[in-house]
1. May I ask you to list the residues in the range 165-212 that are assigned to a loop (DSSP other than H, G, I, E, B), within 15 Å of the ligand (Cβ to nearest atom) and within 25 Å of ASP253 (Cβ to Cβ)?
2. For the range 118-128, state whether one or more residues are crowded, with 21+ Cβ neighbours inside 10 Å, within 13 Å of the ligand (Cβ to nearest atom) and either farther than 26 Å from GLY224 by Cβ or in contact (Cβ under 8 Å) with a residue 12 or more places away in the chain (or both).
3. Suppose we filter the range 47-81 for residues that are touching a Leu at 6+ places or on another chain (Cβ under 7 Å) and of a type in the set (Gly, Ala, Ser); how many remain?
4. Taking the range 70-109, which residues are more than 13 Å from the ligand (Cβ to nearest atom), farther than 23 Å from ASP24 by Cβ and not small (Gly, Ala, Ser)?
5. Within the range 80-112, how many residues turn out to be in contact with a Gly (Cβ under 7 Å, 6 or more places away or on another chain) and surrounded by fewer than 20 Cβ atoms within 10 Å (Cβ to Cβ)?
6. Which one is nearest to the ligand (Cβ to nearest atom), of the residues in the range 140-162 that are among the charged types (D, E, K, R) and in a loop (DSSP other than H, G, I, E, B)?
7. I'm checking my understanding of the structure. Among residues of the range 43-101 that are of a type outside the set (A, V, I, L, M) and touching a residue at least 60 places away in the same chain (Cβ under 8 Å), which one is farthest from ALA5 (Cα to Cα)?
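A short reminder: the numbers here are calculations on the coordinates, not readings from a lab. Note that this is a predicted model, so its numbers are computed, not measured. Cβ placement follows ideal geometry from the backbone for every residue including glycine, while neighbour counts extend to all protein chains displayed.
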Amino acid sequence: MTRIADLLAEGPTLSVEFFPPKTDEGIEKLSDTIDELEKLSCPAVPADRLSFVSITYGAGGSTRDRTRDLVVRVNERRPFPAMPHLTCMGHTRAEIDDLLADYAANGVHNVLALAGDPPADGSPVTGDFTYATELIEAIRAAGDFSVGVAAHPELHPRSPDRAHDRRYLAEKLNAADFGITQFFFDADDYFSMVEDLADRGCETPVLPGVMPLLNPTTARRFAGIAGATFPEELAARVEAAEDPAQRMAIAADAAAELSAELLERGVPGLHIYCMNRSDVVEALLGRLTTG
Ligand code: FAD
């Protein structure tokens, strides 16, 4: 099983994020999507082909089995690793230990360690964990995993100020092997976070998360939750598109422009939020390849 830390050590990586579908039919469709992605090549990224995929985890464990089954299935059948996301808020230590033991027994050696979010209805947080850093400790104790964490270039919405955010982000990254950012639309947000981290002596690689803005309504909601600036001008152009092909072209052009700038300024890889669609990844990478 390939460790993502080793892939990053070899050079810029290419990765894609999926969410676990709710139905068997959805799983089959995602398998076709992954087939398509497996065929893609992108000479603009040194990895050229897909380096790894990651699979999200529903808040409080709502997709626990679906995330787990999908990760194990991809790992068994594909030439690249699948990394499960894992949120700790609301879980007991025993629940987390059981899941990690199961992952280790099934050849999963990469985990994205996340805090998750408190209940939306304001009820108190239950369980044995508050912060992602505590989950990193549990993962390290459970086995030889390569551990990733989340980073928020424009600050985490629960951070009271920049110094607080960067202090805990640097501590977390120093305990992990790599980071992946929330999506952003201005490369300067990413590079100023990297500078802040370097000022604190943190050099852990952080993959920039790029989201092609194919569905502005959903992305606007996610950006609101994550405290990320939303590009209203780009969204207006996507929403005004005459047909799906034009919509795709506008979203892919913008994502490719951002990705090209990130690669040119030196990032450890690209992590694409594809909303389970291969066509958007293909459109983005196609534009990168042809310049
Ligand atoms: P933490 O790193 O724990 O930070 C949360 C807040 O606590 C920050 O403000 C931080 O500054 C502060 N903090 C940290 N440690 C301390 C401390 N010791 N004392 C005081 N304050 C502290 N959510 C899901 O539910 N499922 C997913 O699959 C998922 N995948 C994601 C993937 C990526 C790449 C990203 C960027 C986010 C993802 N999320 C996911 C969202 C994530 O769970 C939320 O952003 C959550 O609110 C915070 O998670 P975190 O791991 O960044 O938290």
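1. If the condition is that a residue be assigned to a loop (DSSP other than H, G, I, E, B), within 15 Å of the ligand (Cβ to nearest atom) and within 25 Å of ASP253 (Cβ to Cβ), then PHE184, PHE185, MET211 are the ones that fit.
2. First, the residues of the range 118-128 that are crowded, with 21+ Cβ neighbours inside 10 Å: none.
No; the residues of the range 118-128 include none that is crowded, with 21+ Cβ neighbours inside 10 Å, within 13 Å of the ligand (Cβ to nearest atom) and either farther than 26 Å from GLY224 by Cβ or in contact (Cβ under 8 Å) with a residue 12 or more places away in the chain (or both).
3. Qualifying residue count, the range 47-81: 3.
4. Those that are more than 13 Å from the ligand (Cβ to nearest atom), farther than 23 Å from ASP24 by Cβ and not small (Gly, Ala, Ser): PRO79, PHE80, PRO81, THR92, ARG93, GLU95, ILE96, ASP97, ASP98, LEU100, HIS109.
5. 3
6. First, pick out the residues of the range 140-162 that are among the charged types (D, E, K, R): 140, 144, 154, 158, 161-162.
Remaining after also requiring in a loop (DSSP other than H, G, I, E, B): 144, 154, 158, 161.
On the way: ASP144: 21, GLU154: 11, ARG158: 4, ASP161: 10 Å.
Top of the filtered list is ARG158.
7. Going through the qualifying residues, I end up with PRO43.
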